[in-house]
Structures are given as C-alpha cells and as structure tokens.
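See below for the structure under consideration.
The values are calculated or read from the model by the stated rules, or taken from the named source; none is laboratory data. Keep in mind that what you see is a predicted model, and the values were worked out from it rather than measured. Reconstructed Cβ throughout: ideal geometry from the backbone, glycine too, with neighbour counts over all protein chains shown.
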Amino acid sequence: MGVTRGVRGERGWGNAMSDLDEEFAVNDVVVEIVVVLGASTLRLNQILQLGRGAVVELESGPNDQVEVFANDILIAKGEVVITGGDVLGVAVTEVLKSVYTNQ
C-alpha cells in the first residue's frame, strides 16, 4: 500500500491533488435549489381537505419576485419566465450577499 504524503502549497497542508481533481470533486457536490413563488397560511383542517386540482392562493402577485434558496439559504431573487415549450424557469435578477464571505 502506498503512502500519500502531505504537501505544503498555496492552499496549506493537504494531500497532493491536482487542480483538475479538485474541480471534479466540487462538481460532485449536490445542491438542492428551491424557488419560492409565495406563501400562504392555512389551518390544518384546510390542508387535510386539499385534493387533486385544489388551488391555494398565495400572498404574492404575478409580478412579484421569487426567492431562490440553495440548501435552505437564500441566495438570489428572480422572476418567473416561460421558456420554449411552455417550461417554467427563473431569471435571476439579484444575487444576494453571501453570509459566508465579505462579497
């Protein structure tokens, strides 16, 4: 069995890994993206009565911005767009300041 030695580089101590390997490692990270169109408050008995085809009114209008979350963190705002073939999408209009960096 071979031994991987730690190397000191620009990124500090760690295993010898090429930039290409690091790029592929990042590409395998799963991020859940959720777009919130609006919100509504319902009582439990109202939720239990919902069935196929039920309509829930949202507390937002058709021209209001949507919120984009990545792993439950608000990262952007945008607006709903219809792409080719009547597919819904989101056009990002504002990327929010990161809570993790000074950007």
Restricting to region 65-88, name every residue that is surrounded by fewer than 12 Cβ atoms within 10 Å (Cβ to Cβ) and of a type outside the set (A, V, I, L, M). 71, 72, 83, 84, 85, 86
For region 73-99, which positions are in contact with a Ser or Thr (Cβ under 9 Å, 6 or more places away or on another chain), small (Gly, Ala, Ser) and at pLDDT 90 or above? 76, 78
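Considering each residue of region 51-72, count those that are part of a strand (DSSP E or B) and out of contact with any Ser or Thr (no Cβ under 9 Å at 6 or more places or on another chain), and give that number.
First pass over region 51-72, keeping only residues part of a strand (DSSP E or B): 66-70.
Right, trim to out of contact with any Ser or Thr (no Cβ under 9 Å at 6 or more places or on another chain) and you get 67-70.
So the answer is 4.
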Please give the number of the condition residue 7 fails out of (1) at pLDDT 90 or above; (2) surrounded by 10 or more Cβ atoms within 10 Å (Cβ to Cβ); (3) of a type in the set (Val, Ile, Thr). (1)
Flagged in region 51-71 as within 11 Å of residue 36 (Cα to Cα) and under 15 Å from the mean Cα position of the chain (by Cα), in numbering order, are 66, 67, 68, 69
